[in-house]
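Derivation of every value follows stated rules applied to the coordinates shown; laboratory data play no part. Computed from a predicted structure; not experimentally measured. Neighbour counts run over all protein chains shown; Cβ positions are idealised from the backbone, glycine included.
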Amino acid sequence: MRSLAIIESCEGCGACCQVVTQPPFRRDFDGVGEEAWERLARDHRALHAGLLADQDERRRAGGPFHGTPCLWYDAVGACCRHYELRPRACWEFAMGGDDCRDARRRAGVE
Ligand code: SF4
Ligand code: SF4
């Protein structure tokens with residue numbers, strides 16, 4: 001049986017950020033959401049407003065809603081531009097887990 005390569009770092013990867021289109025904050029239709037989203041609304045109003053404006057624009061344009069790089073993704077540095085503010089789903093995403101490996105395979109990251 002072939003053993004899986006050990007993934008020790010996200011450096012130079014960013015594969016999981018290249019398909020979510022927007023930071024995956026959990027929120028309800030009334031706009032209320034996870035703690036990180038509420039903190040963004042309270043303490044980082046410009047970023048919060050930017051996400052809502054981007055979402056409205058996509059709705060008007062009919063998408064895309066998935067499958068494109070995250071709005072916060074820095075393609076040059078292959079990193080998150082607002083790492084400390086990222087949603088729960090991002091900080092819970094398991095490096096080296098099945099979804100990570102799948103994202104890397106799709107993005108062609110060794
Ligand atoms: S796909 Fe995996 S290694 Fe790449 S950035 Fe995401 S968690 Fe890190
Ligand atoms: S870590 Fe940052 S760039 Fe990546 S999906 Fe999450 S919010 Fe977007």
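Observations on the model:
- Qualifying residue in region 99-108 (condition: of a type outside the set (Asp, Glu), surrounded by 17 or more Cβ atoms within 10 Å (Cβ to Cβ), within 14 Å of ligand 1 (Cβ to nearest atom) and closer than 14 Å to residue 22 by Cβ): no
- Restricting the first member to region 60-83 and to residues that are touching a residue at least 60 places away in the same chain (Cβ under 8 Å) and under 19 Å from residue 48 (Cβ atoms), and the second to residues that are more than 15 Å from ligand 1 (Cβ to nearest atom) and of a type in the set (S, T, N, Q), no beta-carbon pair is closer than 9 Å while six or more apart or on different chains.
- Some residue of region 37-59 being without any contact (Cβ under 8 Å) to a residue 40 or more places away in the chain, surrounded by 14 or more Cβ atoms within 10 Å (Cβ to Cβ) and touching a His at 6+ places or on another chain (Cβ under 9 Å): yes
- Of all residues in region 84-94, those satisfying the criterion of being free of Cβ contacts under 8 Å to residues at least 12 places away in the same chain and not aliphatic (A, V, I, L, M) are 84, 91, 92.
- Looking at 35, 57, 11, just one residue is within 26 Å of residue 105 (Cβ to Cβ) and out of contact with any Lys or Arg (no Cβ under 7 Å at 6 or more places or on another chain), and that residue is 11.
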